[in-house]
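These notes concern the structure reproduced below.
The values are calculated or read from the model by the stated rules, or taken from the named source; none is laboratory data. Remember, it's a predicted structure, so these values are computed and weren't measured experimentally. Here the Cβ positions follow ideal geometry from the backbone for every residue, glycine too, while neighbour counts run over all protein chains shown. When the accessible area is computed, the model is the full protein with side chains, heavy atoms only, and any ligands, DNA or RNA have been set aside. Shrake-Rupley method; radii C 1.70, N 1.55, O 1.52, S 1.80 Å.
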Amino acid sequence: MVSDVHGNARDLARAGEGADALICLGDLVLFLDYADHSRGIFPDLFGVANADRIVALRTARRFAEAREFGARLWAGVDGERRELIERAVRKQYAELFAAFPTPTYATYGNVDVPPLWPEYAGPGTTVLDGERVEIGGRVFGFVGGGLRTPMNTPYEISDEEYAAKIEAVGEVDVLCTHIPPEVPELVYDTVARRFERGSRALLDAIRRTRPRYALFGHVHQPLVRRMRVGATECVNVGHFASTGRPWALEW
């Protein structure tokens, strides 16, 4: 089980060794690495100094200034913006999807671009979003994407649309999402020093349907990585981009 891969194809190629299946909870794309500002699409286009600046603004929660700064940078390549980003994302997806073992079950993260996935997902990779599948005799439900934030990442959706996908999944043994349930200890990032967006609908579903596990990522350095909500073990499976280690679910 991996999440927040953010370009780490090298370790991804080994992540499924010894497992019956690999499950990926999204965020394959690396746009900007907050730990190493030299990595990702943004510094490739605009340089490390500009990456330093935009990270500093976002970390200080000066989002309006960050957007204005980013807009000035993008204005210089405005006619090519979409093409440049898509070309960079495609390059990353080609490498990352090629690293997936068979079988892999995957859902989208908030920085992913879902329309491109069908071009890269091979026959051994099953993509699910608001859907269920049986793996090893257990029912897994998958809900991808994130909720809307000032960061305006590529796959953010409304609370209502997200809740509808949670409802479509229904009762499962293992509930797999990119973002966590809206529990303060699970959504607070201790390095970024901010609360990320979790889902109230997901928390309500966990309390109501009582899956054995609720698994997610998104928060890279959470205050708490694992806690129980009623009968459910809620687990942040880790920031794979930095650790290179999958989290193992054993029955």
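Got a sec? Which helices (runs of 4 or more DSSP H) wholly within region 1-100 have at least 2 residues that are among the β-branched types (Val, Ile, Thr) and under 20 Å from the mean Cα position of the chain (by Cα)? Lay out the reasoning, then the answer.
Details: elements: 9-12, 41-46, 48-59, 63-75, 81-99.
Fully inside region 1-100 and qualifying: 48-59, 81-99.
Among the residues of region 97-130, which ones are surrounded by 19 or more Cβ atoms within 10 Å (Cβ to Cβ), within 17 Å of Glu17 (Cα to Cα) and in contact with a strand residue (DSSP E or B) (Cβ under 9 Å, 6 or more places away or on another chain)?
Phe97, Phe100, Thr104, Tyr105, Ala106
Considering only region 191-217, state which residues are assigned to a loop (DSSP other than H, G, I, E, B), open to solvent by 30 Å² or more (accessible area, probe 1.4 Å) and touching an Asp or Glu at 6+ places or on another chain (Cβ under 7 Å). Step through it out loud before you land on a result.
Within region 191-217, the first condition is being assigned to a loop (DSSP other than H, G, I, E, B), and the residues that meet it are 191-193, 196-198, 210-212, 217.
From what's left, open to solvent by 30 Å² or more (accessible area, probe 1.4 Å): 191, 193, 196-197, 210, 212.
Scanning region 191-217 gives Glu196, Arg212.
Of all the residues that make up region 40-56, how many are touching a Gly at 6+ places or on another chain (Cβ under 9 Å) and under 26 Å from Phe195 (Cβ atoms)?
4
Among the residues of region 219-251 satisfying the criterion of being β-branched (Val, Ile, Thr) and assigned to a strand (DSSP E or B), which is surrounded by the fewest Cβ atoms within 10 Å (Cβ to Cβ)?
Step one: list which residues in region 219-251 are β-branched (Val, Ile, Thr), which gives 219, 224, 229, 232, 235, 237, 243.
Now narrow it down to the ones that are assigned to a strand (DSSP E or B): 229, 232, 235.
Working: Val229: 16, Thr232: 21, Val235: 19.
Taking the candidates together, the pick is Val229.
Consider only pairs whose beta carbons are under 6 Å apart and that are at least six residues apart or on different chains; among these, list those whose first residue lies in region 21-44 and is at pLDDT 95 or above and whose second residue is open to solvent by less than 10 Å² (accessible area, probe 1.4 Å) and assigned to a helix (DSSP H, G or I).
Between residues of region 21-44 that are at pLDDT 95 or above and residues that are open to solvent by less than 10 Å² (accessible area, probe 1.4 Å) and assigned to a helix (DSSP H, G or I), the close pairs are Leu28/Leu96; Val29/Val89.
Restricting to region 35-71, give me the number of residues that are surrounded by fewer than 18 Cβ atoms within 10 Å (Cβ to Cβ) and within 23 Å of Pro114 (Cα to Cα).
Final tally of qualifying residues: 1.
Tell me, yes or no, whether region 131-149 has at least one residue that is more than 27 Å from Glu250 (Cβ to Cβ), open to solvent by 10 Å² or more (accessible area, probe 1.4 Å) and not in a strand (DSSP E or B).
For region 131-149, residues more than 27 Å from Glu250 (Cβ to Cβ), open to solvent by 10 Å² or more (accessible area, probe 1.4 Å) and not in a strand (DSSP E or B): present.
Any chance you could count how many residues in region 159-180 are more than 15 Å from Gly109 (Cα to Cα), assigned to a loop (DSSP other than H, G, I, E, B) and either among the small types (Gly, Ala, Ser) or open to solvent by less than 30 Å² (accessible area, probe 1.4 Å) (or both)?
2
Given the criteria under 30 Å from Thr102 (Cβ atoms) and open to solvent by 20 Å² or more (accessible area, probe 1.4 Å), does Ala21 qualify?
On the way: under 30 Å from Thr102 (Cβ atoms): yes; open to solvent by 20 Å² or more (accessible area, probe 1.4 Å): yes.
Yes; evaluated as a whole, the condition is true for this residue.
Search region 76-96 for residues being open to solvent by 40 Å² or more (accessible area, probe 1.4 Å) and modelled with pLDDT under 90, and hand back the single one that is nearest to Ala241 (Cα to Cα). Don't jump to the end; show me each part of the working.
Within region 76-96, the subset open to solvent by 40 Å² or more (accessible area, probe 1.4 Å) is 76, 78-83, 85-87, 90-91, 94-95.
If we keep only those that are modelled with pLDDT under 90 as well, we get 76, 78-83, 85.
Values: Gly76: 30, Asp78: 30, Gly79: 31, Glu80: 28, Arg81: 26, Arg82: 25, Glu83: 25, Ile85: 20 Å.
Per the criteria, the residue is Ile85.
Here are some conditions: (1) without any contact (Cβ under 8 Å) to a residue 40 or more places away in the chain; (2) more than 30 Å from Gly137 (Cβ to Cβ). Ala9 meets all but one. Which one does it not meet?
Against the list (1) without any contact (Cβ under 8 Å) to a residue 40 or more places away in the chain; (2) more than 30 Å from Gly137 (Cβ to Cβ), Ala9 comes up short only on (1).
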